[in-house]
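Comments concern the structure below.
The values are calculated or read from the model by the stated rules, or taken from the named source; none is laboratory data. Note that this is a predicted model, so its numbers are computed, not measured. Here the Cβ positions follow ideal geometry from the backbone for every residue, glycine too, while neighbour counts run over all protein chains shown. Each accessible area value is taken on the protein alone, full model and side chains, heavy atoms only, with ligands, DNA and RNA left out. Shrake-Rupley method; radii C 1.70, N 1.55, O 1.52, S 1.80 Å.
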Amino acid sequence: MSRYLLTAAVLIAASASLPSYASPLTSQETRWLRAAAPVLEYSKSIDLPVDIIVQPRAPAGAVPLAMGFDKGRCKLVLSMRGNPEAEKVLANVPADKQALLIEAMAAHELAHCWRYAQGEWHLLPAGFVETGAQTSHDPALLAAAKAMRDTRREEGFADLVALAWIQRTQPGEYARVHDWLRGVRATVAVPGSGHDTRAWVKLAGKGNQFDSRLSPFEAADALWREGLLH
């Protein structure tokens, strides 16, 4: 995810409970943070440097929930105010199941933070190297292609962590979350683009590949590597 300007934003420490704010949270923001609370509490238990930022107004084109990085800390950014797309990802999802999917989205974003905190952002795992070569008369196009590959790998890992989280915490809901995520990724506009994680989501169809004794990051690693090979 891209960096976010922190000025004119409300910055708070991540917490499973909702503290007081100088500017009251909207009911929508409260609902999303409550749904994400188990993930935020887990982030505290493993000492991930997560802060929460509530945008006073969503920038154009912003997704409702995203992870940014600034000065060695992860920034979980809510961009919902004035954002007509804020609930689009939950369209056609029954109201009583939306919290489950918001929790999965929060776990996806936490995976980005974990990779960043490990110093592995945009790095391939040990033993992996890129093969093949792309050519272009325009160096900017080659740089853009590499950035797209880097993003796709990180998004693939994060999707697997989200699924591993659900398998670990609510295994009875795994099929529901996987089907939803598969549907979201099936609508990717450009095959091979940064959010085309279909190969990884397909590998995780059953959920039994994830070892619940491991952290969700460790549990996702083997399938992530397998997807890299494909």
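Close amide H partners of Asp70, meaning residues 5 or more places away or on another chain with modelled amide H under 5 Å apart, are Lys75. Here the relative contact order of segment 26-92, from alpha carbon pairs under 8 Å that lie six or more residues apart, stands at 30 percent. Across segment 218-230, coupling constants 3J(HN,Hα) worked out from phi with the 6.51/-1.76/1.60 Karplus curve, θ = phi - 60°, read 5, 5, 7, 4, 5, 5, 4, 4, 4, x, 4, 5, 8 Hz, and Gly and Pro carry x.
Full extension of the chain between Arg81 and Glu41 gives 11.9 nm of extra length, using 0.36 nm per residue less the Cα-Cα distance.
For segment 155-160, the Karplus equation 6.51 cos²θ - 1.76 cosθ + 1.60, evaluated at θ = phi - 60°, returns couplings of 5, x, 4, 5, 4, 5 Hz by residue, with Gly and Pro reported as x. For segment 32-71, the list of trypsin sites (Lys or Arg not before Pro) that fall in a loop by DSSP and count at most 13 other C-beta atoms within 10 angstrom reads Arg57, Lys71. Computing FRET efficiency as 1/(1 + (r/R0)^6) for Arg225 and Val63, where r is the C-beta to C-beta distance and R0 is 25 Å, gives about 0.40.
For segment 26-92, the share of accessible area belonging to carbon and sulfur comes to 53 percent (1.4 Å probe, ligands and nucleic acids excluded).
Stretched out straight at 0.36 nm per residue, the stretch from Gln98 to Asp150 would grow longer than its current Cα-Cα span by 15.8 nm. Taking θ as phi - 60° and the Karplus parameters 6.51, -1.76 and 1.60, the scalar couplings of segment 105-119 work out to 5, 5, 5, 4, 5, 5, 4, 4, 4, 4, 4, 5, 5, 7, x Hz in sequence order, x denoting glycine and proline. The accessible area of Ser193, taken with all protein chains in place and a 1.4 Å probe, comes to roughly 20 Å².
Going by accessible surface with a 1.4 Å probe and the largest first, Asp70, Asp150, Asp179, Asp47 read Asp47, Asp179, Asp70, Asp150. Stretched out straight at 0.36 nm per residue, the stretch from Glu130 to Val190 would grow longer than its current Cα-Cα span by 19.5 nm. Our summary of shape: the Cα atoms of segment 54-124 have principal axis extents of 38, 26, 18 Å, ordered from largest down, in whole angstrom.
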